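To start, the structure under review is shown below, and the notes come after it.
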Amino acid sequence: IFNNGFANAKESVQGIPAILASIPSLMDEPYIFSRYSVNKINSMASLLKDEGYTSAFFHGAATGTMGFHSFCKSAGFDRYYGKEDYPNIQDDFDGSWGIWDHKYLPYMASELSSFSAPFFASVLTLNSHHPFKLPDHLAKRFTSKGHPIISSVRYADFALSQFFEEAKKQSWYKNTMFVITADHTGPNTDVLKNILDDYRIPIIFFRPDHSIRGVSDKIASQIDILPTVLS
């Protein structure tokens, strides 16, 4: 766990290239929408492909949302999973972004078992973004006082637990390294202690055999994740 983990910018379209391809936000416009977006780049997917890895990006929103589908193509991902690929859209649509996180994350874990090992996969969750909706049957359980995002983050934590419950059943679980982080920070829910807190995000590395453990106060950012994982 890195106590001093920081986002590269303030938007999803900037955070995803930073995390997956170590591309920092250096322009007025996001890289994904810039004239450079069709350039050949290295990413976690393309570099691991040379080592025999299959790669996939999961996003429970409509394919094409925020340009992620195009970015994944240029970044060398083998597969892209959008809302249209989900088997129970009508039952599990959140009415706003896409598929509820607590439904989509276990689906992803199960879907990964159809891949031939080794593989690399990434997922961008939805429901901790505005309008911060909760499923009706879980609203009472996770609703908190204060800004609505607090309730959404509690729900996101539950959704992540559902992913791991499903992942533990899969043969690949014990051989997998998991990275948990955020694409960007959310709205201010309190008086900021300092300007750094406006960019502070979780960065966590986890292995089921607990071979990676501890807390670090070193500075860590989104663009450090790719070289750290490959190392």
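The values are calculated or read from the model by the stated rules, or taken from the named source; none is laboratory data. These numbers were taken from a predicted model, which means no experiment stands behind them. For neighbour counting, all protein chains shown are included, and Cβ atoms are generated from backbone atoms with ideal geometry for every residue, glycine included. Please note that ligands, DNA and RNA were not included when accessible areas were found on the heavy atoms of the full protein model with its side chains. Shrake-Rupley method; radii C 1.70, N 1.55, O 1.52, S 1.80 Å.
Placing dummy labels 7 Å off each Cα toward the beta-carbon, the span from Arg207 to Asp28 is 4.6 nm. Here is how the number arises for the chain: DSSP H runs of 4 or more residues each give -39500 (n - 2.57), the sum is divided by the residue count, and the result at 222 nm is -8500 deg cm²/dmol. Between Ser96 and Phe158, the simple spin-label model (points 7 angstrom out along Cα→Cβ) gives 1.5 nm.
Placing unit charges on the Cβ atoms only, positive for Lys and Arg and negative for Asp and Glu, gives the range 31-176 a dipole magnitude near 340 debye about its Cα centre.
What would the Debye formula give as log10 I(q)/I(0) at q = 0.07, 0.15, 0.18 Å⁻¹ for the alpha-carbon point model of the chain, no solvent? Summing over Cα pairs of the chain leads to -0.22, -1.13, -1.69. Once each of the trypsin sites (Lys or Arg not before Pro) sitting in a DSSP loop with at most 16 other beta-carbon atoms within 10 Å is removed, the chain keeps 41-144 as its longest stretch.
Fully extending the segment from Ser144 to Asn175, taken as 0.36 nm per residue of separation minus the present Cα-Cα distance, adds 7.5 nm. Compared with the direct C-alpha span, the chain from Ile219 to Arg79 gains 47.2 nm at full extension, assuming 0.36 nm per residue.
Among Ser171, Ile204, Leu138, whose Cα sits farthest toward the positive end of the charge dipole of the range 134-213 (+1 at Cβ of Lys/Arg, -1 at Cβ of Asp/Glu, about the Cα centre)? Sorting the options by dipole projection puts first Ser171. Over the chain, accessible surface divided per residue gives 54 Å², non-protein components excluded, 1.4 Å probe. These residues, Ile1, Ile195, go from largest to smallest accessible area, 1.4 Å probe, as Ile195, Ile1.
Only one residue of Asn8, Trp97, Ser43 has its Cα farthest out toward the positive end of the dipole of the range 1-143, where Lys and Arg carry +1 and Asp and Glu -1 on Cβ, and that residue is Asn8.
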